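Enquirer: Let me give you the structure first, and then I'll get to my questions.
The values are calculated or read from the model by the stated rules, or taken from the named source; none is laboratory data. Everything quoted here is computed from the prediction, not taken from an experiment. Here Cβ is always computed from backbone atoms with ideal geometry, including for glycine, and neighbour counts include all displayed protein chains. To get the accessible areas, we keep the full protein, side chains included, count just its heavy atoms, and leave off ligands, DNA and RNA. Shrake-Rupley method; radii C 1.70, N 1.55, O 1.52, S 1.80 Å.
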Amino acid sequence: MSDTVNLVILGASGDLTHRLLLPGLGTLLKAQPDRRVNLIGAASEKLGADEWRQRVSEALHDCGPKVADAVATGSTYVTIDSTDPDELKKLLDPLTGPVVLYFALPPAISMKTCEALGRLDLPDDLRLAIEKPFGSDPDSAHRFNQLLARLVPEDRVFRVDHFLGKSTILNLLGLRFTNRFFEPVWNHNNIERITIVSDETLALEGRAGYYDHSGALKDMIQSHLLLVMALLCMEAPNRIDADELRDLQVHVLRATQLWSDDPVGSSRRARYEAGQVGDEKVPNYVDEPGVDPARNTETLAEVTVEINSRRWRGVPITLRSGKALGDEVRAITVVFKEAFEPEGFSNSGEPNVVVIGMADERLAVRLNTNGADDKFVLEETVLSADLGDSPLRPYGEILAHIMDGDPLLSVRNDVAEELWRILSPVLDAWQQGRVPLDSYRAGSAGPTNWS
Ligand code: NDP
């Protein structure tokens, strides 16, 4: 049986806690019922103990009524202004054993809360879980890192990236580094281009308060897709552990720059207009409650980068993410250079393509094979396989790693700053209006002028 971990969620009345954190905890406790968790919710909202327990019990339904009720019954809720050091002290002082302080707070409040923590004697075994977005530019990310470094050692800071769950990371590493036929061709001699796409059919869903200040570039490309790229393109690790992987991630990110070093030519942005996704009518983005059209927030972003290394120089890597699109696509597509074909076939083969799914965890490899009827005609054959998913939701995996003190799934301080460094020229160019804000119909594949 494990030690009891105090899981203190600041911002416990918010959307993240309700929709993702608690259900994730449910899947974790279902898979590992011996874990002992003392759950404490805290937020500025006044909430009765019974109402909180009811919310916890409902959100944990995945782990079965017995475990859900046990966690909910032992759980407490505190009304707090987390930026007030005295109130934080009252919350933390009575706790014994490991404490995970999860910041499910608006980003500006998280920073102020860390400033307040800096005035306290903190518990010995305190871990801080920080949500995205981590900072809003390279300077603010650096300042936030400095602030955190004054509170706890770096290996107790968990910058959360729920997109890169454990199974996605391990599937990528397993595929690349345990198959002899992948690794020798994983370079600019053989690969023509790479795209990493996370398109969703969901529109704003009432989240203007967050999204209209963020947009697709910060929400997805900065926070998630560059990290996927780093794992896909890094050098071979000698072992799978947090230090090794993060050293290799930062190594590849440091070599990453915008394509041709040109923030205007390497980036595109667009915003959705009224349309229909499946059976759902979607209003114009600018008419959604809480949206300020003057912010020019993009709902679709695309950036092409190059890794200026011996392995990757000259290979365009395009990262794209958008909302309210016709198809849900979460995939890495690696397109190989054309093969040198002998003369004599009546048509020419297509380049090989490897597609790695990031949501459905599937692999597809496109090959040329000879036609059954006419061996001189080349046909496309797709080999596909399931890569194996995890029984835990991503937040279940994240909480497990934080409670175990293993930073494998968290983003290290230097990695977080590199992500901003790469994209900040694009943010500047967009701010200055140097890249047009195109539009697309909700439910379409994107702007008609984007090929
Ligand atoms: P919400 O606005 O829904 O919730 C914020 C929470 O913070 C509320 O519980 C609010 O309490 C509380 N709060 C605000 N100020 C204080 C304060 N001074 N003291 C104590 N509590 C306070 O935000 P989300 O849950 O959506 O997001 C939280 C974080 O998670 C953000 O950083 C976001 O970027 C990140 N995130 C969110 C995702 C999502 O899908 N929601 C996905 C990934 C990351 P009250 O309601 O009483 O004001």
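Enquirer: Can you pull out every residue in the range 25-58 that is small (Gly, Ala, Ser), within 14 Å of the ligand (Cβ to nearest atom) and surrounded by 20 or more Cβ atoms within 10 Å (Cβ to Cβ)? Give the steps one after another, and end with the answer.
Expert: Taking the range 25-58 and keeping what is small (Gly, Ala, Ser), we get 26, 31, 41-44, 48-49, 57.
The next check asks that each one be within 14 Å of the ligand (Cβ to nearest atom); those that pass are 41-44, 48.
Residues satisfying the conditions are 41, 42, 43.
Enquirer: Before we move on, is residue 120 at pLDDT below 90 and either over 23 Å from residue 406 (Cα atoms) or surrounded by 20 or more Cβ atoms within 10 Å (Cβ to Cβ) (or both)? Spell out how you get there, then give the answer.
Expert: Working: at pLDDT below 90: no; either over 23 Å from residue 406 (Cα atoms) or surrounded by 20 or more Cβ atoms within 10 Å (Cβ to Cβ) (or both): yes.
So residue 120 fails the test.
Enquirer: If you don't mind, another one. Where residues in the range 394-406 are in contact with a strand residue (DSSP E or B) (Cβ under 9 Å, 6 or more places away or on another chain) and within 15 Å of residue 162 (Cβ to Cβ), which of them is surrounded by the fewest Cβ atoms within 10 Å (Cβ to Cβ)?
Expert: 401
Enquirer: What number of residues in the range 82-119 are away from the ligand (no atom under 13 Å from the Cβ) and within 14 Å of residue 147 (Cβ to Cβ)?
Expert: Looking only at that region, the number is 2.
Enquirer: Restricting the range 134-143 to residues that are surrounded by 18 or more Cβ atoms within 10 Å (Cβ to Cβ) and assigned to a loop (DSSP other than H, G, I, E, B), which is nearest to the ligand (Cβ to nearest atom)?
Expert: It comes out as 134.
Enquirer: A further question on this structure: Evaluate the range 144-162: report whether one residue or more is among the aromatic types (Phe, Trp, Tyr), crowded, with 18+ Cβ neighbours inside 10 Å and not in a helix (DSSP H, G or I). If you could, list the steps in order and put the result at the bottom.
Expert: Our first condition is that a residue be among the aromatic types (Phe, Trp, Tyr); within the range 144-162, this holds for 144, 158.
So of that shortlist, the ones also crowded, with 18+ Cβ neighbours inside 10 Å come out as 144, 158.
If we keep only those that are not in a helix (DSSP H, G or I) as well, we get 158.
Yes: one or more hits.
Enquirer: Among the residues of the range 179-198, how many are open to solvent by less than 30 Å² (accessible area, probe 1.4 Å) and either of a type in the set (A, V, I, L, M) or part of a strand (DSSP E or B) (or both)?
Expert: Matching residues across the range 179-198 total 5.
Enquirer: Out of all the residues in the range 75-82, is one or more open to solvent by 70 Å² or more (accessible area, probe 1.4 Å) and in contact with an Asp or Glu (Cβ under 7 Å, 6 or more places away or on another chain)?
Expert: Step one: of the range 75-82, the residues open to solvent by 70 Å² or more (accessible area, probe 1.4 Å) are 81.
Within this subset, residues satisfying the condition of being in contact with an Asp or Glu (Cβ under 7 Å, 6 or more places away or on another chain) are 81.
Yes: one or more hits.
Enquirer: Oh, and also: Filter the range 398-451 for residues that are more than 16 Å from the chain's Cα centre (by Cα), closer than 30 Å to residue 7 by Cα and part of a loop (DSSP other than H, G, I, E, B) and give the result.
Expert: Passing the criteria: 404, 405, 406.
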